[in-house]
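Here the structure is laid out as structure tokens; the discussion comes afterwards.
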There are 2 protein chains.
Amino acid sequence: MKKYIQEDEWKIIEEGFKPEQHKNSESLFSLGNGHMGQRANFEELYSGPSLQGHYIAGIYYPDKTRVGWWKNGYPEYFAKVLNAPSWIGIHLEIDQQSIDIYSLKVLDFKRVLDMQKGILLREFTAELKNGEIIKVVAKRFLSICRREIGAIQYEITPINFSADIKADLFIDAGISNQDANYDEKFWNPVSESAIGNLTLITAQTKKTDFTVTTAQWTSININHSPSQLSPENHIETQKVHSIYKFSLNKGETASLYKIVSVSTSRDYSKELLEEQAKHNVTEANDLGFEALEKEHIKAWAAKWEESDIVIEGDLSAQQGIRFNIFQLIQTYSGHDARLNIGPKGFTGEKYGGSTYWDTEAYCLPFYLSTAEENIPRNLLLYRYNQLDKAIENARKLGFTNGAALFPMVTMTGEECHNEWEITFEEIHRNGAIAYAIFNYSRHTGDESYIIDYGLEVLIAISRFWAQRINYSRQRQKYVMLGVTGPNEYENNVNNNWYTNYIAVWTLRYTLEGISKIQEAYPEKAKQLFNKINLDPNQETVLWKEIIGNMHLPEDNDLQIFLQQDGYLDKEQILASELAPFERPINQNWSWDRILRSCFIKQADVLQGIYFFEDSFSEKEIRRNFDFYEPRTVHESSLSPCIHVVLATKLGKLDKAYELYLRTSRLDLDDYNHEVHEGCHITSMAGTWLSVVEGFGGMRVKNDSLHFDPLLPPAWKSLHFKVRFRGRFIKVSIQQQKLVITPLDGRTFKYFVDEKELITE
Amino acid sequence: MKKYIQEDEWKIIEEGFKPEQHKNSESLFSLGNGHMGQRANFEELYSGPSLQGHYIAGIYYPDKTRVGWWKNGYPEYFAKVLNAPSWIGIHLEIDQQSIDIYSLKVLDFKRVLDMQKGILLREFTAELKNGEIIKVVAKRFLSICRREIGAIQYEITPINFSADIKADLFIDAGISNQDANYDEKFWNPVSESAIGNLTLITAQTKKTDFTVTTAQWTSININHSPSQLSPENHIETQKVHSIYKFSLNKGETASLYKIVSVSTSRDYSKELLEEQAKHNVTEANDLGFEALEKEHIKAWAAKWEESDIVIEGDLSAQQGIRFNIFQLIQTYSGHDARLNIGPKGFTGEKYGGSTYWDTEAYCLPFYLSTAEENIPRNLLLYRYNQLDKAIENARKLGFTNGAALFPMVTMTGEECHNEWEITFEEIHRNGAIAYAIFNYSRHTGDESYIIDYGLEVLIAISRFWAQRINYSRQRQKYVMLGVTGPNEYENNVNNNWYTNYIAVWTLRYTLEGISKIQEAYPEKAKQLFNKINLDPNQETVLWKEIIGNMHLPEDNDLQIFLQQDGYLDKEQILASELAPFERPINQNWSWDRILRSCFIKQADVLQGIYFFEDSFSEKEIRRNFDFYEPRTVHESSLSPCIHVVLATKLGKLDKAYELYLRTSRLDLDDYNHEVHEGCHITSMAGTWLSVVEGFGGMRVKNDSLHFDPLLPPAWKSLHFKVRFRGRFIKVSIQQQKLVITPLDGRTFKYFVDEKELITE
């Protein structure tokens, strides 16, 4: 754990320059607007440790798979998030000295991420070798009103001398990825040009042929007044420069401006890209930096109006939850159903791909509650649109008849992962994708999605389960062999309770869906069944047999569900018995020791209980929680949140708060020593779950919102807003009081402790 | 299957030149002498597909591990068999045309491996572009009398023209490996020199710093008489040439000679290497090619006298078994306990490393029966000498107190393998290493090995088992979780019967050893126990508990041992039900489908029954064989042999012969389409087992040889010789008759069908 971020309600603040935490800060102070993202790399030259990262949503490279030992069925390629042409560069020469604060004496340094406004600020004062002191104030944002636009204001003031300054404002497409299996560069040059204040580069990704035009309009103010100074432009292959040369007297300030557009062939035809980019920057520059900033701040205010959570009495928690919400909004705007939420969002390259089951299992509820319906719906459509590839993926593994296995990691629907125990066996992801359809319908009450899209996905997943499950003559039960559950500290186990349970649940939910469509929309039913060649009377016979006779491992003595067959054969030790030097075990134990141990990486049985809470008695939940949580080492960032929700339900407030602390500031306090690689974006949605479903005790049941809040003692109050079935309501919780305020003024029915209440 | 080798009792013969089978032939016609080996690469330039391979025993490179996803505990390096400086090169220019038979019209081509003599012969007639026809006859061998010496006689005759010939006899250290994780070259130059007829290169491996001097003495005869022609020598970095320029009239013959020495810093200090190499080639050249060849042929005759198997009535089987014996002798001479038997011997790079459990489980019996005791004993000492590293290996995985886990793949004792399910879990290899100690003692009657070396290994392995096994409170039994058995089509299973059985057996055998040493050599016992910090009274308490209460999975209905917990939950299909296009499943099925299936790669339960045959009733053996063999796809080259032995025991002659055909000519007929990568050397020992223990029905029991032969109908007779406890006896089997002939003339007691017999 590394704590250097100052606590503040709305800001992330770093004071004093420490190069060893710079890579962490580059992640934490990242900006994004759904279309693109930018790590908090410096504009000027920096020779210290840094991970350069500008990422454009949907722009990827299929890097050739690298494994030690090939297994049949492995995908040939792994989609990598690509570092895209750099748009931020402003290199300074002052009196012929390059400015690189890694090699200068830094007198003052401050970095502020203003989450309320969506703006990154940085200022520093540095002493050059000859005693000259300069001050720089840099401000930037990625507009959430104009998604292709980024803007930088970069102010330089010589403090104790008069300076000759050369400022090189450039775009650089000669960039590389840190994560490259074969050390390739991934961008080919297309064209570079410069006319007056407008310079641009077009570059193209290898293999995928994505074309990206990055255009900048540069200008300069001297002492806050526009200057007529024109840049000298230089063009190299993959790099264009607009160079300003000027002199400042002591105390004078030059403000450099970069208005940048990043447009891609995902949105425009290649022929029109450069025109579009020119249009974008010209229009934005005409508006000017301040106006752009103003509309951006206003748009962020509207976002916060919908999605903010207020925690009174716990500044640290307040900052933590806002940071998480801020990053979630930056990462996914829901405007494009081809996009999804990568584990690192726009904050790093790690994990490549863009989509894991994290989206359905952890992220969806945040967008259901805080955004308009079409946004979470686009997350579902993403999978619907990739159904054919999921069927193809299953076919490669030997499944037939339209069975679908959605990929573990993907960018476009094709599997990218290549560890057999995950790729082929962590198939519960299919269950989460089915569950998300249910979750969406439950929250929104929108039945049209399942009829028009969801059922087709559900049937394909059910077909997969029906083939993946086999009948054990010995047990006289249906079984599912060779799987990896959510707890990835077990591999290739038989009858993982969670996977078996969600498979049976899927079959049942699909059957319901089939009945519903047959009754309500017989014509649509016919069309669908024709399209996918389904005879429901025939094919569902086996499904029903499986539903009625599936092996769901339990232990009668302990009265718990068993994580998998044989789990109790393991030596039973509790996580509390581990020595501190052994933790995290994934860094200190050999892999086989982890596998053999009873230790659980993240909620597994409890993930199922969380999803299907209403199907279990409180006693069942308690027994399983009391058994499994103490064996859980929470070494996935997705672990604590589920436990917080269940612990608050069980009234275990201390446990809930202890685990909440692990999730709420995971990145800000760098619990896992890995924030330099990027932030844990999807786990941030888990933190939101912890607050709203955990301490807020919110549930959707029988078409209504239910609440059963329980606040940590330190919290004076908790406030959040929820979108629910066209309504927008405010929830205010104090230690002994819950106030629900529908923002449209109409009365609203809800439940507290199973009792129906109605707002006045 | 590719059948192009002509059948012959003693020779491997290829007629006609087909470039597409050249890589196969390069493997099949390989030469070796225990110190080094050479694929049947051509001496002259060859631009067609070829795998260049000259390998020196014990010379390896630790290539940096390459995996997709790192797991804690993986080794950093993988020892690669290294392609060593090439010694065979003779490039020809005839009338200024380079001779490369890939681009010439080949009129005649013949390649013969004379196994009786250990000599590779090749002759071809080729037409040059201008219609000129040349004939080449090349003969070479690697001396088994002088292990550092290789010799080539290369004869050229212009058939229809007078020729100006330039012959470049070179040594080339600028070679590369096909198998290189990061495409590196592995040799650094040290020095090159040339004086008169002697040229040499010294080169050094990267990282491992093995230094190798390759020296050649070249000479030339014209029309079979020594010529005074001197070579022009050229020296480049990593390449030295001795160039002969001469003219031949039509029909005249030039014979080029290369006498080569390959000496390494494994055997000599680096400073003396070049002197030694010079001495070697000078001495050998003084003797001359013919004398070297003569002593080599004589030595091979002596080898065959000891190890030959004669099968009358089945030429194909006769050739097959001799090929296997020939390769085994070429691969391992037993002169150096630092060496072992790689899966490909000296015939290819594949599998890197040099030692798998193949050595103990499959190869040892061959050397026990056909070589002097010190040779198999050296195979055991190899492991003894690596015990410290095996302890270190276990320590890295979290085991303590001197527990040893021998590596899955190794060159020097360090683990090289990097698939977690094998590296960490295929721990039954430890059992085979313990079993080999027993097998050696049983065959030789030599108790000194176990007292002086073996017991220390056994205790370290027992310590590993005692820690690797845990007590299941639920079962009230000891269990072993998370292992991979010999059947690698299952991974990470619980309670693999074979592994559990051999672990318990090891504990029991170790306890016997401890008792024996305490009784017979109390002083040695004390010393040993002190050295390894063992209090036998204390530490063996747990061992005895495990022995008494280990879970060995069985099925009561079927009355069989269960391959692992839950095996019968799988869908039970027989290999005979697979469609031809599905086989081999390891090429046609996805990995997860293989894992989930009941199909068995190689003997697993049956491997245990094979090792401990006397502990099971014939009925038990039959029930298990009848259950498991039909589920076995024999997709390891090590599978058929074990089944042949058990099938003959059970009187299933048809099944035994069917499986024998799969093992006996595996490489000659290229069953698995992979002989181009090298021959399956260790499985060749399995073929020997099939004949001697299978059809010959030989066993060692209670200090005696037992026989229970059963010959395939086609076989008129089977003859082999066995070394047994200082005796050397000949076994002759006809369909209804067994004749045992002790070659020392003294009477010999043996058993047939449990009845004691004695030779006259």
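Read-outs throughout are calculated quantities, based only on the coordinates presented, and are distinct from any laboratory measurement. From a predicted model like this one, the values you see are computed outputs, not experimental measurements. FYI the Cβ positions are ideal-geometry reconstructions off the backbone, even for glycines, and counts take in every protein chain you see.
Annotations for the structure displayed:
- Relative contact order of chain A, defined on C-alpha pairs under 8 angstrom at six or more residues apart (%): 13
- Between copies, the label points at A:ARG508 (set 7 angstrom from Cα along Cα-to-Cβ) are spaced 4.9 nm, reported in nanometres from shortest to longest.
- The protein assembly as shown: calculated mean residue ellipticity at 222 nm from DSSP helix runs of at least 4, using -39500 (n - 2.57): -9500 deg cm²/dmol
- Per-copy distances of the B:LYS477 label point, shortest first, in nm (7 angstrom along Cα→Cβ): 1.8
- Scaled against the 2.2 N^0.38 Å expected of a compact globular protein of N residues, the Cα radius of gyration of the stretch A:607-664 reads 1.04.
- Here r is the Cβ-Cβ distance between A:GLU306 and A:LYS185 and R0 is 45 Å; the resulting FRET efficiency, rounded to 0.05, is 0.65.
- Between the alpha-carbon centres of the stretch A:207-228 and the stretch B:375-432 there is a gap of 61 Å.
- Efficiency of FRET from Cβ geometry, B:GLN518 and A:GLU620, R₀ 51 Å, rounded to 0.05: 0.35
- Shape metrics for the protein assembly as shown, restricted to C-alpha atoms - Rg then Dmax, Å: 37.7, 120
- Principal-axis tilt of helix A:428-444 within chain A, Cα atoms, nearest 10 degrees: 80
- Shielding by partners - mean other protein chain Cβ count within 10 Å, residues of B:554-567: 1
- The stretch B:200-347: C-alpha pair distances exceeding 28 Å, %: 41
- Local electrostatic count, A:HIS234, Cβ distance below 15 Å [Lys/Arg +1, Asp/Glu -1]: -3
- For B:HIS296, neighbours were defined as the other residues whose beta-carbon sits under 9 Å from its Cβ, and their charges (Lys and Arg +1, Asp and Glu -1) total +2.
- Rg [Å, one decimal], Dmax [Å, integer] - the stretch B:540-638, C-alpha atoms: 15.6, 54
- Legend: ranking of residues B:HIS551, B:HIS673, A:HIS224, B:HIS634 from fewest to most surrounding C-beta atoms inside 10 Å; resulting order A:HIS224, B:HIS673, B:HIS551, B:HIS634.
- Full-extension gain in nm, B:GLU123 to B:SER162, via 0.36 nm per residue minus C-alpha separation: 12.1 nm
- Shape index of the stretch B:611-760: Rg/Rh, with Rg the Cα radius of gyration and Rh the Kirkwood radius from the inverse mean 1/r over Cα pairs, equals 0.99.
- Ordered by the number of other Cβ atoms lying within 10 Å of each residue's own Cβ, fewest first, B:LEU578, B:LEU229 fall into the sequence B:LEU229, B:LEU578.
- Direction-averaged projected area, Cα convex hull, the stretch B:386-501: 8.0 nm², rounded to one decimal.
- For the stretch B:119-238, the fraction of C-alpha pairs more than 26 angstrom apart is 39%.
- Using the alpha carbons alone, the radius of gyration of the stretch A:29-91 stands to its Kirkwood radius in an Rg to Rh ratio of 1.13.
- Charge tally in the Cβ shell below 9 Å around A:VAL633, where Lys, Arg are +1 and Asp, Glu are -1, A:VAL633 excluded: +2
- The rotation axis taking chain B to chain A passes closest to this chain B residue's Cβ, listed with the gap in Å: B:ASN492, 2.
- Relative intensity, log₁₀ I(q)/I(0), of the stretch A:522-571 from a Debye sum that treats every alpha carbon as a point, q = 0.25 Å⁻¹: -0.94
- The fraction of all Cα pairs in the stretch A:436-567 landing in successive 10 Å bins from 0 to the largest distance is 12, 38, 30, 17, 3, 0, given as whole percents.
- Charged side chains reduced to their Cβ positions (Lys and Arg at +1, Asp and Glu at -1) give the stretch B:73-149 a dipole of some 400 debye around its Cα centre.
- Spin-label model, A:LYS294/A:LYS64: points 7 Å from Cα along the beta carbon direction are separated by 5.5 nm.
- As a proxy for reagent exposure, ranking A:ILE450, B:ILE422 by other Cβ atoms within 10 Å from fewest up yields B:ILE422, A:ILE450.
- At 1.567 mPa s and 4 °C, Stokes D of the stretch B:29-171 from Kirkwood alpha-carbon radius, µm² per second: 75
- Ordering of B:238-248, B:65-75, A:165-175 by burial proxy (mean other Cβ atoms within 10 Å per residue, highest first): A:165-175, B:238-248, B:65-75
- Three semi-axes describe the equivalent ellipsoid of chain B; taken as square roots of 5 times the Cα gyration tensor eigenvalues and ordered largest first, they are 47, 29, 26 Å.
- Cα-based equivalent ellipsoid, the stretch B:367-448: semi-axes from gyration tensor eigenvalues, Å: 26, 13, 11
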